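Computed from the coordinates by the stated procedures, all read-outs in this text should not be read as laboratory data. This is a predicted model, so every value here is computed, not measured. Counting neighbours? That spans all protein chains shown, and the Cβs are built from the backbone with ideal geometry, glycine included.
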Ligand code: T5A
C-alpha cells in the first residue's frame, strides 16, 4: 500500500482550486509532512504536452471520445511518473483536478456517461482512488465572475453557457452524494483563508484516522 496520501480538489471554473492547493501544501508543511502540488490535465512533462495539444486551438474542438482518450493518456503518465512514485516514498500528493473532473465534464456535462469514463479509468489506474476529494462549491455566476476579473484568455469550457456550468455543479454534488466517505463538499464563496480552514479540519481527520 502507498505510504503517502492522495488528495484531489475539484469544482467548476474559478472555484479557487489552485489557490487552495498552494494553501494545503503549506498547511501540511506546518505539520511536518512533505507534500507536492500537481495538476491535471498535466503534472509531468508528457502530460503537459498532451494538455497543450488538447487545449490548443489548432485542431478546433476535439471529438469527446478522442478527448477522453487524450485525458486518460495524460493521466496514466501523471500517475506513473509523478503521483505513484511520490506516494511510494511517503509524500502526500495534492492534485488540482483528477478523475472526477473527467466524470463531471466528459461523463456528465458532455454526455459520454459515467460508466464509459469509469471503465477507461479502470484501464489506466485499476482500483486506485484519491483518499480524499474536496469539492469547492459555489454559485456558477460567482466562479465565472472570478474568471472574468482575472481577465486571462478564456478556455473552451469557460465559454460554455451558464446551463452547462449548472449541470457541472449538480454533477459534482451528485458524485459527492454517491461517495460521501471520499468527498467533502466545501463552501467556496468564503475568503481563501476561510476556505482553507474548512479544508484543514478534514486534513486532521485524514492525518489521524488512516492507517500508517
Ligand atoms: N477538464 C479538466 C476537463 O474537461 N476534464 C478533465 O478531466 C480535466 C482534468 C482547464 C479545463 O480543463 C477541463 C476543466 C477546465 O475547463 P483548469 O486548468 O483546472 O482546467 O482550469 P480551471 O478550473 O478553469 O482552473 P482555474 O485555475 O482557472 O480556476 P481555479 O483553480 O478553480 O481557481 P483559482 O484558484 O485559480 O482562482 C481563480 C480566481 O479567483 C480568485 C483567485 O485569486 C483567481 O483570481 N480566488 C478567489 N476570490 C475570492 N474568494 C476566494 N475564496 C478565491 N479563491 C480564489
Expected sort for 121-134, 170-183, 3-16 on mean C-beta neighbours within 10 Å, highest first, is 3-16, 121-134, 170-183
Most to least packed among 27-37, 136-146, 87-97, 50-60 [average Cβ atoms within 10 Å]
87-97, 136-146, 27-37, 50-60
Contact order normalised by residue count of segment 1-105, Cα under 8 Å, 6+ apart, percent:
51 percent
Mind checking the full-extension length gain between residue 31 and residue 80? Use 0.36 nm per residue of separation minus the Cα-Cα distance, one decimal, nm.
15.0 nm
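Helix-only estimate, please: 222 nm mean residue ellipticity of the chain, summing -39500 (n - 2.57) across DSSP H runs of length 4 or more and dividing by its residues, to the nearest 500.
Values: 9 runs with 107 residues, N = 212.
For the chain, the value works out to -15500 deg cm²/dmol.
Per 0.36 nm of contour for each residue apart, how much would the distance between residue 161 and residue 207 grow if the chain were fully extended, relative to their Cα-Cα spacing?
Roughly 12.6 nm would be gained on extension.
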Quote to one decimal, in nm, the extra length available between residue 182 and residue 115 on full extension: 0.36 nm per residue of separation minus the C-alpha distance between them.
22.2 nm
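So for the chain, averaging the separation of alpha carbon pairs under 8 Å that are six or more residues apart and normalising by length, what relative contact order in percent results?
Across the chain, relative contact order equals 31 percent.
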Using 20 Å as the cut-off for backbone N distance, which residues of segment 106-137 belong to the label zone defined by a point 7 Å from the Cα of residue 59 along Cα→Cβ?
106-107, 110-113, 117, 120-121, 124
Please state the shape class of segment 79-212: rounded when a/c is under 1.5, otherwise prolate if a/b exceeds b/c and oblate if not, all from the C-alpha gyration tensor.
oblate
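Looking at the square roots a ≥ b ≥ c of the eigenvalues of the Cα gyration tensor of segment 1-62, which shape do they give, rounded for a/c under 1.5, prolate if a/b is larger than b/c, or oblate? Each step should come with its number before you reach the end.
On the way: a/c = 2.99, a/b = 1.90, b/c = 1.57.
Taking the square roots of the gyration eigenvalues as a ≥ b ≥ c, segment 1-62 is prolate.
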